[in-house]
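**Student:** Here it is, the structure in full.
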Number of protein chains: 2
Amino acid sequence: MDFSSKLLENAVNEMSRLPGIGKRTALRLILHLLKQPKDNTKYLSEALLHLRNEVNTCEQCHNISDTLICDICSSSKRNREIICVVEDIRDVMAIESTSQFNGKYHVLGGKISPIEGIGPQNLQIESLVNKVGSGEVKELIFALSSTMEGDTTNFYIFKQIEKFKITTSTIARGISVGDELEYADEITLGRSIVNRIPFEQSIKG
Amino acid sequence: MDFSSKLLENAVNEMSRLPGIGKRTALRLILHLLKQPKDNTKYLSEALLHLRNEVNTCEQCHNISDTLICDICSSSKRNREIICVVEDIRDVMAIESTSQFNGKYHVLGGKISPIEGIGPQNLQIESLVNKVGSGEVKELIFALSSTMEGDTTNFYIFKQIEKFKITTSTIARGISVGDELEYADEITLGRSIVNRIPFEQSIKG
C-alpha cells in the first residue's frame, strides 16, 4: 500500500499489528476516526494508555482488577473453598454472567502452548498449587477450553495438585441447550452420552 | 458485559465505538495489547494522536497529505487537464496502484447522503466547480462507487459544471476480469453489454 502521508501510514501500521486487523481494515478504522471529532481519538488513545500503564491484577485470583484484591476475592459471600480455574478474564465474565457459580476464580493468564512458547512458568500455576497446598481449597473446577493446549494445562495442574487429595472436576461437555442432535459433532455427542446424568437431576434446571 | 476493572471497561467502550468493532472484539484486541510490551500500546496511541492532530489535506486535491500540496498535485509529470473525482484516499490508492491514470485527483471527502446528513456543502464540491471554472480542466472522470449516493453526487456535480462544456466520463462498469458470466449480477452484466467496446480496443490491454 502506497500512502500519501507518513502520519497515516504510521497509524495504519500500528493499528494493523492488532490480531485480525489487516491494513485495509486499519485504514477504514482510521479514516473513521479522522471524520469524527478530535476528542474521540484523544479518548481512545488515553483509555488505552491508562489501561496499559496502570493495569493491575488481583493478588489472589490474578484477574484484571483496579484494586489490589478484586471484588470477587474480597467478597465474603463467595465460597473460598471452590476454585474455578480459567484462562483469562473473558472466561470469568462468561461464567459470572450465568450466575451459577458462587466460588472463586484462579486466572492462569493463558494455556501451556509449546508452539507459542508458553510454558508453565509463564502462567499463574505455581500460585495455584500454593493456594491448594495451603489447605483451604476443597474443590478445583477446570474450566479451560477443551483443546490440546487446554487439556495439557489441565493435566499438568492435576499432576501438581494430585498429592493434596482435593476434589477436582471439569465443566460438563455436551450438546448445547436448544441444539439439534443431528448437527452435533461426534466427539461432543459421544461425551454427552458417556457422561449422561440422572434424569431427575436434569429437570431441576 | 460486567467488567472487573473500570480502566478496562473504559478502554473497551472507546475501542468499540469504531465501526464494525463490537464489545467482544474490542475486549479481544485490548487483551492482546495487555499481553504485548507497553511500548506497543504507546506507539499505537501516539500514532493515532499525531495523525488526528496534525493531519493535513492537500490544498489542491484535498487528499490526506503531510505537505501543503501533495506529491501527485506537485508532480510536473501528471496531466493537470484530467481530473478524477473520488470519494476518499482509499480510491486514490486503488487507482494509483493500477498505474493506468496519469491525471490528477479531486477528493470529495464523501458522498451526498441525506440519511447521514451529508449535503454538498460538507464535501469538496465548490472547490471542484471553481477548479473546472478556471478553465484549465479538459476532462472530469467520475469514479465514485455506483450506489444511490454515488450516482446522486455524480449528478449534482455534473449539473454544476455542465455550463463549462468540458468532457465528462465515468469509469467503466462491467464484469471483472477473470470472472465467470454466469455468476455476475444482472445489472452489471446488462451494463457491460450496453457499454460494449470495439474488440480491437479490448486486446490492446
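**Student:** Tell me, which residue of region A:136-188 that is surrounded by fewer than 17 Cβ atoms within 10 Å (Cβ to Cβ) and in contact (Cβ under 8 Å) with a residue 40 or more places away in the chain is nearest to A:Cys73 (Cα to Cα)?
**Tutor:** By that ranking, first place goes to A:Glu136.
**Student:** Out of A:His62, A:His50, A:His106, which single residue is within 17 Å of the chain's Cα centre (by Cα) and not assigned by TED's automatic domain parsing to the domain that holds A:Ile171? Before the answer, list the steps.
**Tutor:** Values: A:His50 fails: within 17 Å of the chain's Cα centre (by Cα); A:His106 fails: not assigned by TED's automatic domain parsing to the domain that holds A:Ile171.
From the options A:His62, A:His50, A:His106, the qualifying one is A:His62.
One line per residue, one yes/no per condition, for (1) over 30 Å from B:Asp66 (Cα atoms); (2) hydrophobic (A, V, I, L, M, F, W, C); (3) at pLDDT 95 or above:
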site	(1), (2), (3)
A:Lys6	no, no, no
A:Asn10	no, no, yes
A:Met15	no, yes, yes
A:Ala26	no, yes, yes
A:Val55	yes, yes, no
A:Leu68	yes, yes, no
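**Student:** If I ask for residues that are within 13 Å of chain A (Cβ to nearest Cβ), among the basic types (Lys, Arg) and touching a residue at least 12 places away in the same chain (Cβ under 8 Å), which ones from region B:85-131 would you list?
**Tutor:** Residues satisfying the conditions are B:Lys104, B:Lys111.
**Student:** So which residues in region B:127-154 are under 18 Å from the mean Cα position of the chain (by Cα) and of a type outside the set (S, T, N, Q), if there are any at all? Write out each step before concluding.
**Tutor:** Restricting attention to region B:127-154, the residues satisfying the condition of being under 18 Å from the mean Cα position of the chain (by Cα) are B:127-128, B:140-154.
Those that are under 18 Å from the mean Cα position of the chain (by Cα) and of a type outside the set (S, T, N, Q): B:Leu128, B:Leu140, B:Ile141, B:Phe142, B:Ala143, B:Leu144, B:Met148, B:Glu149, B:Gly150, B:Asp151.
**Student:** Exactly one condition in (1) touching a strand residue (DSSP E or B) at 6+ places or on another chain (Cβ under 9 Å); (2) farther than 21 Å from A:His32 by Cβ is not met by B:Asp39; state its number.
**Tutor:** (1)
**Student:** While we're here: Select the helices (runs of 4 or more DSSP H) contained entirely in region B:136-205, then report the ones holding at least 3 residues which are within 18 Å of B:Asp91 (Cβ to Cβ). Step through it out loud before you land on a result.
**Tutor:** Numbers: elements: B:148-161, B:186-194, B:199-202.
Where helices (runs of 4 or more DSSP H) fall fully within region B:136-205 and carry at least 3 residues being within 18 Å of B:Asp91 (Cβ to Cβ), they are B:148-161.
**Student:** Listed residues A:His32, A:His62; which is of a type outside the set (D, E, K, R) and within 7 Å of another protein chain (Cβ to nearest Cβ)?
**Tutor:** Numbers: A:His62 fails: within 7 Å of another protein chain (Cβ to nearest Cβ).
Of A:His32, A:His62, the one residue that is of a type outside the set (D, E, K, R) and within 7 Å of another protein chain (Cβ to nearest Cβ) is A:His32.
**Student:** Checking the conditions here, which among A:Lys111, A:Lys104, A:Lys131 is crowded, with 16+ Cβ neighbours inside 10 Å, among the charged types (D, E, K, R) and either assigned to a helix (DSSP H, G or I) or in contact with a Phe, Trp or Tyr (Cβ under 6 Å, 6 or more places away or on another chain) (or both)? Walk me through it before giving the result.
**Tutor:** Numbers: A:Lys111 fails: either assigned to a helix (DSSP H, G or I) or in contact with a Phe, Trp or Tyr (Cβ under 6 Å, 6 or more places away or on another chain) (or both); A:Lys104 fails: either assigned to a helix (DSSP H, G or I) or in contact with a Phe, Trp or Tyr (Cβ under 6 Å, 6 or more places away or on another chain) (or both).
Among A:Lys111, A:Lys104, A:Lys131, only A:Lys131 is crowded, with 16+ Cβ neighbours inside 10 Å, among the charged types (D, E, K, R) and either assigned to a helix (DSSP H, G or I) or in contact with a Phe, Trp or Tyr (Cβ under 6 Å, 6 or more places away or on another chain) (or both).
**Student:** What number of residues within region A:4-22 satisfy the criterion of being at the interface with another protein chain (Cβ under 7 Å from one of its Cβ atoms) and at positive phi?
**Tutor:** First, pick out the residues of region A:4-22 that are at the interface with another protein chain (Cβ under 7 Å from one of its Cβ atoms): A:4-8, A:10-11, A:14-15, A:17-19.
Within this subset, residues satisfying the condition of being at positive phi are none.
Count: 0.
The values are calculated or read from the model by the stated rules, or taken from the named source; none is laboratory data. Quick caveat, the model's predicted, so the values are computed rather than measured. When we count neighbours, we look across all protein chains shown, and the Cβ atoms used for this are built from the backbone with ideal geometry, even at glycine.
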